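Trainee: Just passing along the structure, written as structure tokens.
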């Protein structure tokens with residue numbers, strides 16, 4: 001009998017009422033591991049009501065106490081790294097080292113939120129007018145929700161709820177139905193950390209739950225990470241319902257390699273950034289732009305490294321790349337490989353060859369002579385397929401990057417400091433790496449792309465995350481001497 005994964009509402013596990021559910025697979029074996037309840041509209045309403053009821057008390061909780069809860073949560077996540085990572089490996093399929101890295105990067109965001117008393121300091125202007133002081137404060141929005149993707153089921157929720165809760169909001173998480181167990185473990189840890197019941201709730205489910213969150217009048221804001229079509233839908237629907245929305249979409253990240261680059265380092269980076277986590281991450285490098293004069297050598301160096309990538313179940317410590325999330329997604333990614341040669345590309349390494357028979361595996365794939373207009377170039381494949389596009393120069397490479405509709409991450413490999421500085425100035429992308437292939441910002445900066453990789457004005461976590469989960473208020477005060485009090489019907493003056 002498979003396990004049943006349910007909701008977390010008002011501090012306890014609550015079984016769903018819809019009668020609908022989904023299957024959670026072990027991607028390494030293809031076997032059913034659990035069923036997950038899909039929330040009804042009523043389930044979502046119950047969770048929102050719990051968050052709304054808890055809001056008054058949590059918002060009034062002192063900054064010191066909120067920080068204390070975050071400190072406790074930090075210690076609990078740190079102590080349970082291996083358990084969280086094991087859940088990620090079992091349901092997502094990523095190898096244990098990737099899973100532990102995900103937990104570590106999520107933990108950084110909880111550590112950032114521990115400093116919330118400092119980040120919520122306002123401004124104060126004494127004697128802005130005679131006897132008048134003006135000061136600014138930031139206050140929480142209310143009930144906020146996060147809709148998170150399958151590829152980082154622990155880290156992305158931590159991007160959201162750490163700052164949201166520290167700022168005094170209550171939070172409702174709708175995780176991916178493909179790997180939902182981490183959400184319940186985080187709920188349990190938050191409760192152990194001292195977070196009051198109702199402040200953090202989890203509703204499992206599908207579009208029914210998403211749409212209810214987008215239209216619910218008591219949900220003030222939505223954070224989302226996922227594909228661009230869904231990000232656009234979340235943004236347009238949420239804002240149409242009067243909500244503040246940050247919706248991070250897809251990516252097609254390019255790595256430009258100049259002739260003076262260290263080609264061994266560039267090849268190592270391309271393999272790591274292209275095939276890590278089976279390419280199922282929005283910051284993966286999916287296109288290498290190789291200047292013609294070094295393209296053959298670079299392709300050769302990448303190709304010679306691929307056989308050394310150990311592919312297999314993530315639970316085995318020696319493996320470096322696990323399966324894809326579902327059979328359907330694996331078959332979709334394989335379709336891009338199948339269509340590459342007819343479109344005019346060269347299949348240098350075919351990941352369909354020798355892939356493990358059990359589970360949803362595809363080995364690393366390398367395509368050369370890819371051109372704009374080919375499906376392998378135009379689409380976000382979200383799998384272990386690395387495409388090489390040959391360019392004549394820095395300018396041609398830059399032009400391709402800037403012409404792409406996505407603008408999430410990019411990288412340049414060069415020894416030329418002037419070229420690198422010009423690249424960071426010229427490129428129309430939100431996150432840039434210089435000899436760094438996956439430039440995910442540390443927690444005290446903020447994460448987000450440009451163009452169709454971001455809908456909304458605010459990037460995620462860090463300082464922009466604090467701003468997203470709060471709103472400003474300016475107070476003008478005067479305490480007149482009661483002995484000289486008099487009615488004044490004039491407009492306040494600052495002169």
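The values are calculated or read from the model by the stated rules, or taken from the named source; none is laboratory data. Values in this document were obtained by computation on a predicted structure and should not be read as measured data. Neighbour counts are summed over all protein chains in view; Cβ atoms, including those assigned to glycine, are modelled from backbone coordinates with ideal geometry.
Trainee: Could you please find all residues in the stretch 169-207 being in contact with a strand residue (DSSP E or B) (Cβ under 8 Å, 6 or more places away or on another chain), part of a loop (DSSP other than H, G, I, E, B) and surrounded by fewer than 24 Cβ atoms within 10 Å (Cβ to Cβ)?
Mentor: Across the stretch 169-207, the qualifying residues are 177, 178, 197, 198, 206.
Trainee: Which of the following residues is buried (at least 19 other Cβ atoms within 10 Å of the Cβ) and assigned to a helix (DSSP H, G or I): 59, 66?
Mentor: Criteria check complete, one pass: 66.
Trainee: Could you pull out the residue among 47, 113 that is touching a strand residue (DSSP E or B) at 6+ places or on another chain (Cβ under 6 Å), surrounded by 15 or more Cβ atoms within 10 Å (Cβ to Cβ) and closer than 30 Å to residue 281 by Cβ?
Mentor: None of the others qualify; the one that does is 47.
Trainee: Scan the stretch 330-361 for residues that are farther than 22 Å from residue 31 by Cβ and out of contact with any strand residue (DSSP E or B) (no Cβ under 9 Å at 6 or more places or on another chain) and jot them down.
Mentor: Selection gives 335, 338, 339, 342, 343, 344, 353.
Trainee: Here's something else I'd like to know. Residues that are in contact with a helix residue (DSSP H, G or I) (Cβ under 8 Å, 6 or more places away or on another chain): list the strands (runs of 3 or more DSSP E) wholly contained in the stretch 1-53 that include at least 2 such residues.
Mentor: Result: 7-9, 12-14, 21-26, 31-37.
Quick grid of which residues meet (1) touching a residue at least 40 places away in the same chain (Cβ under 8 Å); (2) more than 29 Å from residue 278 (Cβ to Cβ):
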{"residue": "151", "(1), (2)": "yes, no"}
{"residue": "166", "(1), (2)": "yes, yes"}
{"residue": "195", "(1), (2)": "yes, yes"}
{"residue": "200", "(1), (2)": "yes, yes"}
{"residue": "205", "(1), (2)": "yes, no"}
{"residue": "214", "(1), (2)": "no, yes"}
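Trainee: Among the residues of the stretch 399-445, how many are closer than 17 Å to residue 287 by Cα, exposed (fewer than 15 other Cβ atoms within 10 Å of the Cβ), in contact (Cβ under 8 Å) with a residue 40 or more places away in the chain and out of contact with any helix residue (DSSP H, G or I) (no Cβ under 9 Å at 6 or more places or on another chain)?
Mentor: 0
Trainee: Going residue by residue through the stretch 321-332, is there one that turns out to be assigned to a helix (DSSP H, G or I) and more than 20 Å from residue 153 (Cβ to Cβ)?
Mentor: yes
Trainee: Give the stretch 382-396 a look and list any residue that's surrounded by 21 or more Cβ atoms within 10 Å (Cβ to Cβ) and farther than 15 Å from residue 255 by Cβ, or say none.
Mentor: Passing the criteria: 382, 383, 384.
Trainee: Taking residue 241, is it modelled with pLDDT of 95 or more, crowded, with 24+ Cβ neighbours inside 10 Å and in contact with a strand residue (DSSP E or B) (Cβ under 9 Å, 6 or more places away or on another chain)?
Mentor: Answer is no for this residue.
Trainee: Only one residue in 351, 314, 373, 359 is at pLDDT 95 or above, out of contact with any helix residue (DSSP H, G or I) (no Cβ under 8 Å at 6 or more places or on another chain), crowded, with 21+ Cβ neighbours inside 10 Å and not in a strand (DSSP E or B). Which one?
Mentor: Within the list 351, 314, 373, 359, the selection yields 359.
Trainee: Kindly indicate whether residue 382 is at positive phi and either under 25 Å from the mean Cα position of the chain (by Cα) or at pLDDT below 95 (or both).
Mentor: Yes: the conditions hold for residue 382.
Trainee: Would you mind finding the one in 269, 295 that is crowded, with 24+ Cβ neighbours inside 10 Å and in contact (Cβ under 8 Å) with a residue 24 or more places away in the chain?
Mentor: 269
Trainee: Here's something else I'd like to know. For residue 99, which of the numbered conditions (1) touching a strand residue (DSSP E or B) at 6+ places or on another chain (Cβ under 9 Å); (2) surrounded by 24 or more Cβ atoms within 10 Å (Cβ to Cβ) fails to hold?
Mentor: All conditions pass for residue 99, except number (1).
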